[in-house]
Amino acid sequence: MNATTTNSIDMPSGASWAAHARHPGYRRMFAPDALTLGIFLPLRFYEGDMRVLAGQSRLVSDIDARGFAAAWVRDIPLYDPRFGDAGQLFDPFTYLAYLAARTQRISLATGSAIFSLRHPIDLAKSAATIDQLSGGRLVMGIASGDRPIEFPAYGLQHDQRAERFAQAVADFRRLLQPGRRALTSPLGHITDAELLPKPAAGPIPLLVTGASGQSPDWIAAHADGWLTYPGSSVVPAGPKALGQKIQAWRDRIPDGGFRPHATNEWIDLVDDPTHPPTLLHGGFILQIGRHALIDLLSQWQTAGVNHVALGIQFSRRPAAEAIQELAEEVLPRFPSHEDVPPLDMDW
């Protein structure tokens with residue numbers, strides 16, 4: 001087998017939905033003109049006591065059994081008090097491997113893995129391992145990083161994160177291609193070696209988060225999907241503006257094929273189903289009843305959104321109660337796609 005050498009950051013590019021249509025994780029979440037629901041972890045906000053996460057994996061198993069499309073974890077290597085958010089605390093890849101053993105169908109998603117901080121060999125090794133252990137359920141939101149304190153801790157320059165992100169994406173994809181690799185890039189040199197394992201069901205889908213320091217044309221050419229904040233959730237102009245942004249991105253996609261869009265919202269789901277959408281904590285949290293939530297999700301679907309990850313860590317109701325209401329009253333209107341089951345992996 002001949003090795004392949006390349007040093008351009010422009011290849012390989014992103015793949016269309018058709019290229020991932022048999023990938024269990026991607027297909028469970030995405031289809032044209034449809035919207036599915038995921039849940040962001042943690043289910044309760046960390047305020048200095050790890051016990052807030054007690055029992056969370058059991059609830060994730062319940063989220064899986066109830067038919068949600070995805071469980072999302074964040075990649076926050078260091079806690080910066082100025083941000084006030086430690087994510088789900090656990091390393092995202094270790095935790096997803098643990099959750100893979102506790103779930104059966106749900107997609108396992110990163111939102112988002114910081115490609116600018118981590119070496120592509122380590123990213124590829126961890127990602128392919130989880131994809132194999134889960135039967136092809138890994139979908140990766142990826143980003144360049146927004147916490148300046150982390151970059152000098154890794155010996156990196158914060159102002160170089162955009163260039164490093166683009167290079168890491170290219171190297172990550174090459175490392176997971178079939179066969180041995182000879183790879184030369186600013187991030188390292190490989191001669192006639194192979195990274196194992198390979199993914200279970202073809203290339204691992206990469207959803208670029210926001211701009212990640214890249215141009216709109218780069219995102220259109222290289223992303224397997226796009227993950228962005230939704231903008232305003234309390235006025236009709238918000239979903240309309242989001243739809244225009246999504247369409248402008250899709251108009252730039254070189255082959256004109258479908259690429260999915262995903263967004264997220266932190267909600268306080270109140271027990272009054274008629275409660276109108278109300279912004280709390282400077283707009284960071286959306287307090288809402290299920291009727292208004294269903295209406296908002298429908299507007300986002302019309303705008304071209306294909307998946308919404310809901311964070312309930314700030315909800316004042318018990319997590320299990322909020323999950324039950326979402327599963328019974330909201331999820332049936334936005335069902336997950338069941339036609340490509342996970343691969344049967346007996347490790």
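What follows draws every value from the coordinates through simple rules; no lab data is involved. Bear in mind that the values here come from a model prediction, so they are computed numbers and not experimental data. Please note: Cβ atoms are built from the backbone with ideal geometry, for glycine as well, and neighbour counts cover all protein chains shown.
Across ALA31, ALA101, ALA70, mean-square fluctuation computed from a Gaussian network of the chain (C-alpha pairs under 10 Å connected) peaks at ALA101. Note on the range 231-335: Cα Rg divided by 2.2 N^0.38 Å, N the number of residues, gives 1.13. Phi-derived couplings, Karplus 6.51 cos²θ - 1.76 cosθ + 1.60 at θ = phi - 60°, listed residue by residue for the range 150-162: 6, 5, x, 5, 8, x, 10, 8, 4, 6, 9, 5, 5 Hz, with x used for Gly and Pro. Inter-label distance, TYR98 to GLN157: 3.8 nm, where each label sits 7 Å from its Cα along the C-beta direction. Rounded to the nearest 5, the antiparallel percentage of DSSP beta bridges internal to the chain is 15%.
For the Cα atoms of the chain, what angle does the longest principal axis make with the long axis of helix 92-102, in degrees from 0 to 90, nearest 10? With rounding to tens, the tilt is 70 degrees. If you plug the beta carbon distance of ASP91 and SER298 into 1/(1 + (r/R0)^6) with R0 = 51 Å, you get a FRET efficiency near 0.90.
Set against the labelled values [x] 63, 44, 42; [y] 72, 44, 42; [z] 55, 51, 48, Cα extents along the principal axes in Å computed from this structure falls on [x]. In the chain, the longest principal axis of the Cα atoms and the axis of helix 120-134 are about 60 degrees apart.
Calculate log10 I(q)/I(0) of the range 66-131 for q = 0.14, 0.18 Å⁻¹, where I(q) comes from the Debye formula with a single equal point scatterer on each Cα and nothing for solvent. Each listed q maps to, in turn, -0.45, -0.71.
Evaluating 6.51 cos²θ - 1.76 cosθ + 1.60 at θ = phi - 60° for every residue in the range 187-201, the Karplus couplings come out as 9, x, 10, 10, 10, 6, 10, 10, 8, 10, x, 8, x, 6, 9 Hz, glycine and proline recorded as x. Note that the range 107-112 has calculated 3J(HN,Hα) couplings of 5, 10, 10, 9, x, 9 Hz, one per residue in order, obtained from phi through the Karplus relation 6.51 cos²θ - 1.76 cosθ + 1.60 (θ = phi - 60°); glycine and proline are x.
Among GLY55, GLY111, GLY225, the largest mean-square fluctuation in a Gaussian network model of the chain (Cα springs under 10 Å) belongs to GLY55.
A Gaussian network model of the chain, with springs between Cα atoms under 10 Å, assigns the largest mean-square fluctuation among ALA223, ALA128, ALA211 to ALA211. Loop only per DSSP, at most 13 neighbouring Cβ atoms within 10 Å: give me the trypsin sites (Lys or Arg not before Pro) in the range 69-105, ordered by residue number. Of the trypsin sites (Lys or Arg not before Pro), the ones in loops of the range 69-105 whose Cβ has at most 13 other Cβ atoms within 10 Å are ARG82.
Spatially, the range 71-131 and the range 223-275 are offset by 23 Å when compared through their Cα centroids.
Between the helical axis of 56-66 and the longest alpha-carbon principal axis of the chain there is an angle of about 80 degrees.
Within 10 Å, at most 13 other Cβ atoms, and a DSSP state outside H, G, I, E, B define an exposed site. Report the longest part of the chain free of exposed GluC sites (Glu not before Pro). If you can, show how the numbers build up before the last one.
Numbers: sites that count: GLU47, GLU338.
Value returned for the longest uninterrupted segment is 48-337.
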